[in-house]
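The values are calculated or read from the model by the stated rules, or taken from the named source; none is laboratory data. In this text the structure is predicted, and so the values were computed from the model without any measurement. Here the Cβ is made from the backbone with ideal geometry for all residues, glycine too, and neighbour counts use every protein chain on show.
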Amino acid sequence: MILPILFIAESENKGKGVFTAEPISINTTIEISPIILFNAEERKMIEKTKLYNYIFEWGEDKLQAALGMGYISMYNHNYQANCEYDMDYENETISIKTIRNIEAGEELFINYNATYNDKTPIWFDVK
């Protein structure tokens, strides 16, 4: 499920990102998508490819990886994200929900640290 008002467009200094054509209210689930699950051995291989930037750590031990279908892997990172994601390990889905009201035309961001306001530097910000 992806809300039909979402679209992919160029994001300033971030390649492509997910945007909304219409306003979205706080606490709205905007996407629920299945994942492709990779075991720990497959994850190590993927981490040597461009897909590394699009996978999520998966499982309680975080040794597996998941590639989100739909738009899931296209949401850009922001330390002050306007959306959050939730991983459903049992059903092998990732969902995205707004954490504040969103304006039409606004880019939708998640925090790659898994908590919307976690300011811990992520891999591409570590110098």
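Find the residue count for the range 57-83, including only residues that are at pLDDT below 95 and either in a helix (DSSP H, G or I) or aromatic (Phe, Trp, Tyr) (or both).
2
Ile55 - would you say it is free of Cβ contacts under 8 Å to residues at least 60 places away in the same chain, surrounded by 18 or more Cβ atoms within 10 Å (Cβ to Cβ), touching a helix residue (DSSP H, G or I) at 6+ places or on another chain (Cβ under 8 Å) and closer than 24 Å to Ile8 by Cα? So that I can check it myself, show each step before the final result.
Numbers: free of Cβ contacts under 8 Å to residues at least 60 places away in the same chain: yes; surrounded by 18 or more Cβ atoms within 10 Å (Cβ to Cβ): yes; touching a helix residue (DSSP H, G or I) at 6+ places or on another chain (Cβ under 8 Å): yes; closer than 24 Å to Ile8 by Cα: yes.
For Ile55, the condition - free of Cβ contacts under 8 Å to residues at least 60 places away in the same chain, surrounded by 18 or more Cβ atoms within 10 Å (Cβ to Cβ), touching a helix residue (DSSP H, G or I) at 6+ places or on another chain (Cβ under 8 Å) and closer than 24 Å to Ile8 by Cα - is met.
Name every residue in the range 12-41 that is in contact (Cβ under 8 Å) with a residue 40 or more places away in the chain, surrounded by fewer than 17 Cβ atoms within 10 Å (Cβ to Cβ) and either in contact with a Cys (Cβ under 9 Å, 6 or more places away or on another chain) or within 18 Å of Asn82 (Cβ to Cβ) (or both), in order of residue number.
Lys14, Lys16, Ala21, Glu22, Pro23, Ser25, Ile26, Asn27, Thr28, Thr29
Any idea which of Lys119, Lys97, Lys14 is among the basic types (Lys, Arg) and more than 23 Å from Leu3 (Cβ to Cβ)? Talk me through it step by step, then tell me what you get.
Values: Lys97 fails: more than 23 Å from Leu3 (Cβ to Cβ); Lys14 fails: more than 23 Å from Leu3 (Cβ to Cβ).
Just a single option satisfies the conditions, and that option is Lys119.
Considering only residues that are at positive phi and part of a loop (DSSP other than H, G, I, E, B), look in the range 13-41 and name the one that is modelled with the lowest pLDDT.
Pass one, the range 13-41, residues at positive phi: 13, 15, 27.
Keeping just the survivors that are part of a loop (DSSP other than H, G, I, E, B) gives 13, 27.
Numbers: Asn13: 83, Asn27: 98.
Here the residue is Asn13.
Given the conditions (1) within 17 Å of Ile122 (Cβ to Cβ); (2) aromatic (Phe, Trp, Tyr); (3) in a strand (DSSP E or B), and given that Tyr52 satisfies all but one, which numbered condition is not satisfied?
The failed condition is (3).
Would you confirm, using the coordinates I've provided, whether Lys44 is of a type outside the set (A, V, I, L, M), surrounded by fewer than 13 Cβ atoms within 10 Å (Cβ to Cβ), in a loop (DSSP other than H, G, I, E, B) and at pLDDT 95 or above?
On the way: of a type outside the set (A, V, I, L, M): yes; surrounded by fewer than 13 Cβ atoms within 10 Å (Cβ to Cβ): yes; in a loop (DSSP other than H, G, I, E, B): no; at pLDDT 95 or above: yes.
Spelling it out, it is not the case that Lys44 is of a type outside the set (A, V, I, L, M), surrounded by fewer than 13 Cβ atoms within 10 Å (Cβ to Cβ), in a loop (DSSP other than H, G, I, E, B) and at pLDDT 95 or above.
Before we move on, is Glu103 among the acidic types (Asp, Glu) and loosely packed, with under 15 Cβ neighbours inside 10 Å? It would help to see each step written out before you state the result.
Details: among the acidic types (Asp, Glu): yes; loosely packed, with under 15 Cβ neighbours inside 10 Å: yes.
Here the answer is yes, as Glu103 does meet what is asked.
If you scan the range 74-94, which residues turn out to be of a type in the set (Ser, Thr, Tyr), under 25 Å from Phe7 (Cβ atoms) and surrounded by fewer than 19 Cβ atoms within 10 Å (Cβ to Cβ)?
Listed by number, the list holds a single entry, Tyr79.
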